[in-house]
Amino acid sequence: MYIKGVGMTKFGIQQDLSSHMVYEASMEALEDAGISMNEIDAIVVSSIEIMSNGERQKHSASFMSSLFQIKVPILSVPAGCAGGGTALWTANRLYKTSSYRNILVIGFEKAVANTSKSVTDEILMGGERIYEQAEGLIFPAQNALVAQQYMLKYGATTDDFALVAYKNHQNAYLNPKARFYKRQVTLKQIKKSPIVASPLRLFDCSISCNGAAALILSKDEAGIEVVGSAEENDCLSPFERDDMTSFWVTKKAAEIAYKESGVKPSEIEIAELHDAFTPLELISYEDLGFCNSGEGANLMRDGFTELNGKLPVNTSGGLKAKGHPISPTGIAQIYEIAKQMKGECGKRQVKNPKYGIALNIGGAGAGATVHILKNLS
């Protein structure tokens, strides 16, 4: 399948209604693809429907039908932080059992404005509220446990985590659609920021925001092909697994995507990874096969994943600095890779990447999607 067009709003604290953001991202994707809404055969949409989206709408499918005045099959695929990637994976699978030519894939969320404290406490900050949140295991605490185990096992330091945040903020500074666009953050600020859950500091944590992203998946040949697509799930909590320092879902999804695409980790030239917390980027380097277990920090220290490095990672700014509005995140990762492959990223442009990979994770390693894109130009 081919990525025919992509669209995305700015990620931030804008007060736009959800429908406005969805419309903006979708129209950009349609314009980029050079087609009209009448040529869309199906829609796959992801949003956390339990949350208020500013318009008190919980039925995303009919919401899309009314918004676009279109009568086609519409699937709603809420999957937490992995919603965007799961929506794309679902759209890929639809092609195998249908005659659909163009599928519109959308992720949207109004996660900041009009969000009550109860929603923040019970939904945004933890995946399971009976035996996790009751013990204080909201997402920052869960990932702090992962970080602690990773540091103990491999000798990584908080300075390594700070380098991840610094790199991604530098990239976001150059991205007009990022939450931290043209907002300079120093390494000293990152290292001196308040502790949220030891060893994680404020700048080790991704930032919530509002936004929407969309793409057109098509059977019509275009310049970017989806050559690998995989989705996997695991136990909800990290402490249910044998090893907290590696995510089985990432490794398994990557294995499937690499096999399907015929691409090796060494051939990847650009990556958008799920840095919801900075240690996860280092772990993802390892789980995706870019280095051996415990060597992720070395890649960061050596500049391997910087904008001018051998494998630029999170050129968009990542979840850390571009922003993480939950469901749109996975599609926004594809947006960045597609724009890079089209040579449309300005000062953060990577030189003609042939293969790119997007890793979208749900929860603390509870689910993951991996997509591999090939630049045909």
* To do: Name every residue in the stretch 25-55 that is out of contact with any Gly (no Cβ under 8 Å at 6 or more places or on another chain) and at pLDDT below 95, in order of residue number.
  => Glu49, Ile50, Met51, Ser52, Asn53, Gly54, Glu55
* Being crowded, with 21+ Cβ neighbours inside 10 Å and either at pLDDT below 90 or within 20 Å of Tyr2 (Cα to Cα) (or both) narrows it down to one of Leu94, Leu88, so name that one. => Leu88
* Asked: Quick check: is even one residue across the stretch 142-164 surrounded by 14 or more Cβ atoms within 10 Å (Cβ to Cβ), within 26 Å of Met8 (Cβ to Cβ) and at pLDDT 95 or above?
  -> yes
* To do: Taking Ser316 as the residue in question, decide whether it is out of contact with any Asp or Glu (no Cβ under 6 Å at 6 or more places or on another chain), surrounded by 20 or more Cβ atoms within 10 Å (Cβ to Cβ) and either at pLDDT below 95 or closer than 21 Å to Gly107 by Cβ (or both).
  => no
* Six or more apart or on different chains, Cβ under 6 Å: which pairs go from a residue in the stretch 239-256 that's under 19 Å from Thr278 (Cα atoms) to one that's aliphatic (A, V, I, L, M) and assigned to a helix (DSSP H, G or I)? Could you list them? => Met244/Val146
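When you look at Phe180, is it in contact with a helix residue (DSSP H, G or I) (Cβ under 9 Å, 6 or more places away or on another chain) and closer than 29 Å to Gln340 by Cβ, yes or no? Break it down into steps so the answer makes sense when it comes.
On the way: in contact with a helix residue (DSSP H, G or I) (Cβ under 9 Å, 6 or more places away or on another chain): yes; closer than 29 Å to Gln340 by Cβ: yes.
Answer is yes for this residue.
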* Wholly within the stretch 132-209, helices (runs of 4 or more DSSP H) carrying at least 2 residues that are among the charged types (D, E, K, R) -> 158-172, 187-192
* Structure fact -> Val263 meets each of (1) in contact with a helix residue (DSSP H, G or I) (Cβ under 7 Å, 6 or more places away or on another chain); (2) closer than 17 Å to Asn375 by Cβ; (3) not in a strand (DSSP E or B) with one exception, condition (1)
* Asked: Looking at Gly330, Gly323, which one is part of a loop (DSSP other than H, G, I, E, B) and at pLDDT 95 or above?
  -> Gly323
* Structure fact -> Expected single match for in contact (Cβ under 8 Å) with a residue 40 or more places away in the chain and either in contact with a Phe, Trp or Tyr (Cβ under 6 Å, 6 or more places away or on another chain) or surrounded by 22 or more Cβ atoms within 10 Å (Cβ to Cβ) (or both) among Ile283, Ile190 is Ile283
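The values are calculated or read from the model by the stated rules, or taken from the named source; none is laboratory data. These numbers come from a predicted model, not from an experiment. No Cβ is skipped: glycine too gets one built from the backbone with ideal geometry, and neighbour counts run over all protein chains shown.
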